[in-house]
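Colleague: Take a look at the following structure, please.
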Amino acid sequence: MTMTATPSLDGGPSKRIVVIGGGVIGVCAASWLLRDGHAVTIVEPGEIGNGASYGNAGCFNPSSVVPMSMPGNLSKVPGWLLDPLGPLSIRWPYLPTIAPWLIRFVRSGTPEKVAAQAEALGHLLRDSVGVYRPLVANAGAEVLVRQDGHLMVYPTRADFEADALAWKLRRDNGIAFTVIEDGALWQQEPALSRSYRLGVFFPDNGHTINPNRFVGALADAFLRDGGKIIRAAAQGFELEGAALRGVRTDVGLLPCNAAIIATGAHSKRFAQQLGDSIPLDTERGYHIVIPSCENMPRVPIMDTSGKFVATPMEGGLRIAGTVEFAGLDAKPDWKRAHKLLTLGQRLFPGLAMPKTEDAAVWMGFRPSMPDSLPVIGPSRLSADVIYAFGHGHVGMAGGAQTGLLVADLIAGRTPRIPIAAFSPRRFG
């Protein structure tokens with residue numbers, strides 16, 4: 001098959017590109033690639049934005065530079081597992097499968113490693129709302145985006161001081177924040193329980209009031225501007241030596257000379273086909289939405305003790321969080337979603353308990369790497385296939401920047417931020 005190269009908007013040859021995955025990462029990558037003058041098709045077996053992009057906390061947080069594995073976290077795990085309201089759960093039949101990932105996770109949490117990881121995340125997440133702005137304006141989606149800040153709350157100053165390393169990492173990476181205590185905190189968030197005595201406000205953070213509608217608006221603009229979306233399941237790749245000739249799907253071969261893998265927690269099998277063993281696993285996350293909430297916080301609030309986020313959205317108050325290791329096939333444990341409501345009432349004492357049928361619950365798969373860094377870069381067998389997955393808790397925040405990096409790699413441009421830390425080969 002012969003491809004005809006035509007000039008792209010940045011002066012390089014245009015390509016026929018298949019983006020595998022219709023979540024926020026895939027849609028952002030496809031949108032930037034289309035702006036570069038390429039012919040771009042998104043392949044997605046379900047609805048656009050209906051995976052992890054649907055149910056997250058909706059936050060665009062430059063402040064999320066602190067890796068999940070931190071020194072001292074291992075000592076907290078037994079308490080988390082024993083606490084029925086704790087932030088961590090492991091389905092014990094899945095333990096042999098997740099054990100190698102957990103070992104890598106613990107080994108990633110040294111002071112030297114977390115400093116490097118935080119620096120890499122700092123580059124990826126910087127000015128998250130601003131990096132999205134061209135795509136948001138093009139989609140007419142400004143109404144879906146807020147930049148009112150974000151609040152992180154602690155029961156006591158001692159709890160805040162126990163997180164000293166995390167705050168050092170944020171300061172070292174230029175994150176602006178203000179500490180607020182007691183009366184000033186309660187004045188800023190009147191609905192907050194008086195048992196929380198200290199808060200930290202991040203003025204540069206933002207959020208979307210509807211993650212699914214936000215991704216859908218970007219996808220609609222992509223279609224309007226000439227992109228294509230095909231409802232299909234990708235299955236593999238047609239290679240001629242190291243050159244990509246097409247993506248195989250359940251509806252036939254899609255000819256292309258470049259492809260992007262942005263299938264989140266489902267990306268591992270595609271990487272294996274392309275010669276890469278990536279230690280990707282899934283953290284199953286839950287949310288519950290309380291409609292018609294009368295005690296809505298003004299901004300997203302993270303409860304550091306319960307490790308969850310309460311975000312004001314157009315459908316109500318979304319409480320999202322928890323980590324469950326159980327793989328991609330186990331059925332949801334809806335008790336974990338309803339436990340979030342109990343935690344939410346602890347955070348907001350005036351929160352009305354909705355009827356079970358009125359509270360929408362959800363479970364999804366966070367694509368998580370043991371070092372908290374996504375995988376962004378070319379596959380081992382073909383530089384024509386670019387990986388863009390593994391963002392864990394920062395997929396929404398890092399979506400626009402990741403898409404720009406993908407466009408840089410496809411165009412042969414020097415990436416706009418350092419990306420060595422995201423290399424698919426970093427684990428050997």
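The values are calculated or read from the model by the stated rules, or taken from the named source; none is laboratory data. Quantities reported herein were computed from a predicted structural model and do not represent experimental measurements. Neighbour counts are summed over all protein chains in view; Cβ atoms, including those assigned to glycine, are modelled from backbone coordinates with ideal geometry.
Colleague: Can you name every residue in region 244-276 that is of a type in the set (A, V, I, L, M) and farther than 23 Å from VAL394 by Cα?
Modeller: LEU244, VAL247, VAL251, LEU253, LEU254, ALA258, LEU274
Colleague: With GLU240, GLU283, GLU294 as the choices, which residue is acidic (Asp, Glu) and closer than 18 Å to ASP384 by Cβ?
Modeller: When all the criteria are applied, what remains is GLU240.
Colleague: I'd like to check something: does region 13-22 contain any residue that is modelled with pLDDT under 95 and within 30 Å of PRO134 (Cα to Cα)?
Modeller: Taking every residue of region 13-22 in turn, at least one turns out to be modelled with pLDDT under 95 and within 30 Å of PRO134 (Cα to Cα).
Colleague: For the subset of region 23-60 comprising residues that are touching a strand residue (DSSP E or B) at 6+ places or on another chain (Cβ under 7 Å) and polar (S, T, N, Q), which member is modelled with the highest pLDDT?
Modeller: THR41
Colleague: Given the condition over 22 Å from the mean Cα position of the chain (by Cα), closer than 30 Å to THR97 by Cβ and not assigned by TED's automatic domain parsing to the domain that holds ALA359, answer yes or no: does some residue in region 250-259 qualify?
Modeller: Yes, region 250-259 contains a residue that is over 22 Å from the mean Cα position of the chain (by Cα), closer than 30 Å to THR97 by Cβ and not assigned by TED's automatic domain parsing to the domain that holds ALA359.
Colleague: Can you work out which of the residues in region 276-290 that are part of a strand (DSSP E or B) and acidic (Asp, Glu) is surrounded by the most Cβ atoms within 10 Å (Cβ to Cβ)?
Modeller: ASP281
Colleague: Being out of contact with any Leu (no Cβ under 6 Å at 6 or more places or on another chain) and of a type outside the set (Val, Ile, Thr) is the requirement here; does GLY264 meet it?
Modeller: Against the criterion (out of contact with any Leu (no Cβ under 6 Å at 6 or more places or on another chain) and of a type outside the set (Val, Ile, Thr)), GLY264 qualifies.
Colleague: Something else now. Which numbered condition in (1) at positive phi; (2) touching a residue at least 60 places away in the same chain (Cβ under 8 Å) is the only one that VAL66 fails?
Modeller: Failing condition for VAL66: (1).
Colleague: Out of the residues in region 265-305 that are in contact (Cβ under 8 Å) with a residue 60 or more places away in the chain and of a type in the set (Asp, Glu), state the one that is farthest from MET363 (Cα to Cα).
Modeller: Looking at residues that are in contact (Cβ under 8 Å) with a residue 60 or more places away in the chain and of a type in the set (Asp, Glu), I get ASP276.
Colleague: Here's another thing I want to ask about it. Can you tell me which of (1) touching a residue at least 60 places away in the same chain (Cβ under 8 Å); (2) outside the structural domain of PRO13 (by TED's automatic domain parsing) is the one MET353 doesn't meet?
Modeller: Single failed check for MET353: (1).
Colleague: Has region 231-240 got at least one residue that is in a strand (DSSP E or B), under 27 Å from the mean Cα position of the chain (by Cα) and free of Cβ contacts under 8 Å to residues at least 40 places away in the same chain?
Modeller: Yes; the residues of region 231-240 include at least one that is in a strand (DSSP E or B), under 27 Å from the mean Cα position of the chain (by Cα) and free of Cβ contacts under 8 Å to residues at least 40 places away in the same chain.
Colleague: How many residues does region 87-128 hold that are of a type in the set (Phe, Trp, Tyr) and surrounded by fewer than 15 Cβ atoms within 10 Å (Cβ to Cβ)?
Modeller: Of the residues in that region, 1 qualify.
Colleague: Among the residues of region 306-323, write down those that are more than 25 Å from PRO367 (Cβ to Cβ) and either among the polar types (S, T, N, Q) or assigned to a strand (DSSP E or B) (or both).
Modeller: Scanning region 306-323 gives PRO312, GLY316, LEU317.
Colleague: Restricting region 132-182 to residues that are more than 23 Å from LYS307 (Cβ to Cβ) and polar (S, T, N, Q), which is farthest from the chain's Cα centre (by Cα)?
Modeller: Per the stated criteria, the residue is ASN138.
Colleague: Pick out, from region 172-222, the strands (runs of 3 or more DSSP E) lying fully within it that include 2 or more residues that are surrounded by 20 or more Cβ atoms within 10 Å (Cβ to Cβ).
Modeller: So the answer is 198-202, 206-208.
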